């Protein structure tokens, strides 16, 4: 019987966890964060918002339903490393095409298991998210800690340019799931009554959405497709002038990784977009960038919100939503100007979770209404954006 290969996790404050390696061999660095979702690990691995981060799952058994070709949210995994209590080597699902272990090996993602993930999460909650390393090759604590302290912190780190597409493309209903550049299979999107019928009797998209790709998840594009929209996805550094030249009915500012305060040029272009009166919808990083464009400030949360069970209150209706989150920064309430209204708050810590401009057709939320993974309580936000494009 082959014994598992040893691996080590070292945090920047010197806290160390010894465990076993799974996935790829090697050494990796990133901000240590945790996610409280019980499932959806494949969507988490492929969410570009996790670029620059090592993710620990709080649920103790991960990988039991394997990996398939459909439940991916971008063209490849983006996490720097993956930490679990126990990684299943058996894929018990008819949709699975491979195990989690083989998927990580194939994508060169270093994994660590057989550590006390509860202790790790409690430490991060107490001390805050911090730099870390996983290694299967250098097991010397002092040596690895020195490398961690030389790695880049998340504060003021710009990562959207690393995950965005290189060229604009059009997402159609038949665009393959999970890949904007490497089609592998067909996806038939549901359509809703927002489509129009041409003289030939063929359904045509009624609205054109220009989506800024700061790290967009494919399910956001699926949602717009389900509502009958044509979507043009553009790189993160696209100018306001070039975006408006595409004659959009609406602008979508996607999720993504990194510190929004580092994206000053993008904020300047968003400011120009707000002056056009074209409807704008932002989520997560897009929400934070809108906050900056309105004149507000963003700040780093102690350990962030990541999981599928965050309670959000819609202040406009009083309704409570259970929502999916993945962010480490937030908009400072006291920094917002008088013409911007707070529409949603996180009930756990009262942070700003939604904004709306009082006179312009612009709104945003801090969480992920596209889910994947997560509950579907917030899908109405896509419908709200459709209504704005109607007027």
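A few notes on this one:
- All positions within the stretch 126-151 that are more than 23 Å from the chain's Cα centre (by Cα) and either in a helix (DSSP H, G or I) or within 20 Å of residue 303 (Cβ to Cβ) (or both): 126, 127, 141, 142, 143, 144, 145, 146, 147, 148, 149, 150
- Matching strands (runs of 3 or more DSSP E) fully within the stretch 328-372 where at least 3 residues are assigned by TED's automatic domain parsing to the domain that holds residue 250, touching a strand residue (DSSP E or B) at 6+ places or on another chain (Cβ under 9 Å) and surrounded by fewer than 18 Cβ atoms within 10 Å (Cβ to Cβ): none
- Residue selected from the stretch 260-286 under the condition in contact (Cβ under 8 Å) with a residue 40 or more places away in the chain, touching a helix residue (DSSP H, G or I) at 6+ places or on another chain (Cβ under 9 Å) and part of a loop (DSSP other than H, G, I, E, B), by the criterion surrounded by the fewest Cβ atoms within 10 Å (Cβ to Cβ): 278
- Test: residue 55 is buried (at least 17 other Cβ atoms within 10 Å of the Cβ) and either modelled with pLDDT under 95 or part of a helix (DSSP H, G or I) (or both): no
- Any hit, the stretch 373-391, residues being in contact with a helix residue (DSSP H, G or I) (Cβ under 6 Å, 6 or more places away or on another chain) and crowded, with 23+ Cβ neighbours inside 10 Å: no
- Complete set of residues in the stretch 303-319 that are at positive phi and part of a strand (DSSP E or B): 304, 307
- The condition of being touching a residue at least 12 places away in the same chain (Cβ under 8 Å), out of contact with any helix residue (DSSP H, G or I) (no Cβ under 6 Å at 6 or more places or on another chain) and within 27 Å of residue 299 (Cα to Cα) holds for only one of 123, 114, that being 123.
- Candidates are the residues of the stretch 207-236 that are more than 18 Å from the chain's Cα centre (by Cα) and in a loop (DSSP other than H, G, I, E, B); the one that is farthest from residue 288 (Cα to Cα) is 228.
- Count of the stretch 86-101 residues which are outside any loop (DSSP other than H, G, I, E, B) and either touching a residue at least 40 places away in the same chain (Cβ under 8 Å) or out of contact with any helix residue (DSSP H, G or I) (no Cβ under 8 Å at 6 or more places or on another chain) (or both): 4
The values are calculated or read from the model by the stated rules, or taken from the named source; none is laboratory data. This one's a predicted model, so the numbers in the text were calculated from it and none came from an experiment. Every residue, glycine as well, gets a Cβ built from its backbone with ideal geometry; the counts of neighbours run over all protein chains shown.
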